[in-house]
Amino acid sequence: MYEQAVAEKDALEEELASVDAELDGIHRKTLNENKGKERLTEAVVHNAVQLDNDHKEAFDRYLAAKTKVGVLGALKDAFKQRGYMLRDLASLIVSANFEQTSIQGNAQTDEVVYRAQRERLAAGRRDRRNESQT
C-alpha cells in the first residue's frame, strides 16, 4: 500500500506540474492581451497560476496523496520497529531460559560434588575405624 501511495503521489505531483505549465501559458497570453504595453513579470504570472481553481484542485489532490504517504510511511516504520522489538524480546526470553537452565545445571553439579565429597569422607572414616580396630 505504501509503494502504491508513493506512486500515486508522484503521479499527482507530475499532474500538478503539468496543470501549472498549462495555466502559465494561458495566463501569460491573457495577461499580455490585457496589459497592453506594460511589462509582464514572472511574479504576476505565478500569482495568477496560484489563484486559478484548476491549480487549487490539483494541489489539493497532491496534498491528500502526500498525507496518505506520510501516514502509511509511519505505519510501515512502526511495523518494522515492532518486528525488531519482537525479535529482541524473543532473544531475551531464549537467553533467560538458557540462564535458568544453566543455573539449574550448576545447582545439580554442586549437589553431585557435595555427595561425592560426603561419600569420600565417609569412606575415609570407615578406613580409619577399620585400621584402629585391627
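Looking across the range 1-45 at every residue that is in a helix (DSSP H, G or I) and small (Gly, Ala, Ser), the one that is nearest to Phe59 (Cα to Cα) is identified as Ala17.
For first residues located in the range 1-26 and on the phi < 0 side of the Ramachandran plot, partners that are among the aromatic types (Phe, Trp, Tyr) and assigned to a helix (DSSP H, G or I) and lie 6+ apart or on another chain with Cβ distances below 8 Å form the pairs Lys9/Tyr62; Leu12/Tyr62; Glu13/Tyr62; Glu15/Tyr62; Leu16/Phe59; Leu16/Tyr62. On the stretch given as the range 1-45, residues that are among the small types (Gly, Ala, Ser) and surrounded by 14 or more Cβ atoms within 10 Å (Cβ to Cβ) total 1.
Among the candidates Ala48, Ala96, Ala90, the residue that is assigned to a helix (DSSP H, G or I), at pLDDT below 90 and over 41 Å from the mean Cα position of the chain (by Cα) is uniquely Ala48.
What number of residues in the range 5-32 are among the hydroxyl-bearing types (Ser, Thr, Tyr) and modelled with pLDDT of 90 or more? Write out each step before concluding.
As a first pass, look at the range 5-32 and keep what is among the hydroxyl-bearing types (Ser, Thr, Tyr): 18, 30.
Cutting the leftovers down to modelled with pLDDT of 90 or more gives us 18.
Number of matching residues: 1.
The values are calculated or read from the model by the stated rules, or taken from the named source; none is laboratory data. Since we're looking at a predicted model, the values are computed, not measured. Note that each Cβ is placed from the backbone with ideal geometry, even for glycine, and that neighbours are counted across all protein chains shown.
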